[in-house]
1. Residue under question is residue 126, and the condition is that it be farther than 30 Å from residue 370 by Cβ, out of contact with any helix residue (DSSP H, G or I) (no Cβ under 9 Å at 6 or more places or on another chain) and assigned to a strand (DSSP E or B); does it hold?
2. So, in the stretch 271-315, exactly how many residues are part of a strand (DSSP E or B), at pLDDT below 95 and closer than 20 Å to residue 161 by Cα?
3. Can you name the number of the only condition in (1) in contact with a strand residue (DSSP E or B) (Cβ under 7 Å, 6 or more places away or on another chain); (2) farther than 17 Å from residue 375 by Cα; (3) part of a loop (DSSP other than H, G, I, E, B) that residue 59 fails?
4. Assess whether residue 345 counts as being surrounded by fewer than 16 Cβ atoms within 10 Å (Cβ to Cβ), more than 20 Å from the chain's Cα centre (by Cα) and more than 20 Å from residue 52 (Cα to Cα).
5. More than 28 Å from residue 288 (Cα to Cα) and either surrounded by fewer than 17 Cβ atoms within 10 Å (Cβ to Cβ) or in contact (Cβ under 8 Å) with a residue 24 or more places away in the chain (or both), is that true of residue 363?
């Protein structure tokens with residue numbers, strides 16, 4: 001059983017970038033310790049066009065700021081944060097046992113002191129199992145639904161969608177919200193079958209995370225002024241995948257997730273909701289990646305109900321449901337991305353990607369400023385300067401459109417930087 005840390009890049013992305021995915025191996029008695037991770041930083045130049053029609057709820061593209069400024073520069077990490085992980089492995093009583101703990105420091109901070117941002121903590125889990133009967137995982141790790149979508153996104157080595165146009169951000173968006181929903185980092189208990197001639201399946205329960213849309217929301221037919229959402233049972237997520245090797249290698253996967261969600265309104269300053277309504281949020285996806293010689297092709301599609309466009313449940317961008325008159329009406333969404341890469345004789349990987357996330361209004365809803373479509377084009381060059389160090393240049397164009405075409409936002413960004421894996 002291979003228990004090496006999966007970071008947020010996975011072996012497929014690492015090998016595609018011509019870098020090793022083994023860390024610093026340290027024998028320690030009965031244990032083998034693998035110290036591994038990455039450091040990356042990018043200078044990004046961002047240009048935002050003036051928004052047409054005003055702000056768009058759920059937009060990934062950015063418009064000019066409140067002062068009318070449309071350009072911004074920053075030095076940040078890309079889609080991957082800087083990463084330091086520790087994985088210990090051992091075999092005891094015919095069982096493979098491992099632990100993984102990681103943290104993700106910042107490479108930049110826009111505070112005057114430069115010491116305000118706190119690091120992320122994305123992994124802390126234990127696994128046990130055997131190649132004959134499978135693996136059990138307990139703890140915090142990348143979510144299962146949409147996990148392969150982000151792991152096969154070429155912008156993991158770069159920036160992708162720039163997101164908030166300010167310096168000091170922990171990570172960029174990559175293709176999140178423009179082709180796939182963020183799988184997030186979740187407490188989970190999962191079981192993965194042994195590899196059966198290339199076929200594997202995973203099933204998990206995940207922690208019922210909380211969401212809050214914040215004070216100041218407009219709630220038609222209610223005197224309350226805040227809306228919150230929360231999951232009231234374990235989430236259920238699963239995946240099936242088949243992979244193969246040879247002159248033409250690749251994998252095909254499908255995954256899904258379902259959560260019960262309660263939404264309610266309450267007075268500002270109150271901690272108790274009233275007039276709650278419940279619904280089931282669900283999503284499914286399918287994807288494939290194929291490599292033949294120097295050419296690679298990835299295609300992905302998802303379909304969801306009551307989920308939103310960027311975060312599962314739409315909590316941060318308020319896109320999952322229309323909550324009016326104490327009733328939550330689910331919005332349907334779908335999207336996907338396609339990307340093609342080719343390695344030229346210098347070893348540089350050139351890539352072109354297009355992604356889109358679509359959102360429908362709920363039944364009977366009329367909301368012109370609600371996002372209807374987020375789109376992204378990415379052109380990238382990823383050059384392995386050494387076995388472990390890649391130089392990266394990317395151009396990204398993002399567009400968001402409201403349910404009425406009178407609402408439009410657009411921004412362009414160009415990034416230069418490097419990512420080192422160890």
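1. yes
2. Taking the stretch 271-315 first, the residues part of a strand (DSSP E or B) are 274-292, 295-305, 311.
From what's left, at pLDDT below 95: 274-281, 311.
Filter once more, keeping what is closer than 20 Å to residue 161 by Cα: 311.
Looking only at that region, the number is 1.
3. All conditions are met except number (2).
4. Numbers: surrounded by fewer than 16 Cβ atoms within 10 Å (Cβ to Cβ): yes; more than 20 Å from the chain's Cα centre (by Cα): yes; more than 20 Å from residue 52 (Cα to Cα): yes.
Yes.
5. So residue 363 passes the test.
The rows are residues; the columns are (1) outside any loop (DSSP other than H, G, I, E, B); (2) crowded, with 18+ Cβ neighbours inside 10 Å; (3) at pLDDT 95 or above; (4) at positive phi.
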| site | (1), (2), (3), (4) |
| --- | --- |
| 214 | yes, no, no, yes |
| 217 | no, no, no, no |
| 223 | no, no, no, no |
| 228 | yes, yes, no, no |
| 233 | no, no, no, no |
| 239 | yes, yes, yes, no |
| 242 | yes, no, yes, no |
| 253 | yes, yes, yes, no |
| 256 | yes, yes, yes, no |
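So that you can scan it fast, the table gives a plain yes or no per residue for (1) closer than 29 Å to residue 314 by Cβ; (2) at pLDDT 90 or above:
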position	(1), (2)
11	no, no
44	yes, yes
49	yes, no
57	yes, yes
80	yes, yes
85	no, yes
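For (1) in contact with a strand residue (DSSP E or B) (Cβ under 6 Å, 6 or more places away or on another chain); (2) surrounded by 22 or more Cβ atoms within 10 Å (Cβ to Cβ); (3) assigned to a strand (DSSP E or B); (4) in contact (Cβ under 8 Å) with a residue 40 or more places away in the chain, each residue gets a yes or a no:
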| residue | (1), (2), (3), (4) |
| --- | --- |
| 338 | yes, no, yes, yes |
| 367 | no, no, no, yes |
| 371 | yes, yes, yes, yes |
| 394 | yes, yes, yes, yes |
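The values are calculated or read from the model by the stated rules, or taken from the named source; none is laboratory data. The structure presented is a predicted model; accordingly, all values stated were derived computationally and were not measured. For neighbour counting, all protein chains shown are included, and Cβ atoms are generated from backbone atoms with ideal geometry for every residue, glycine included.
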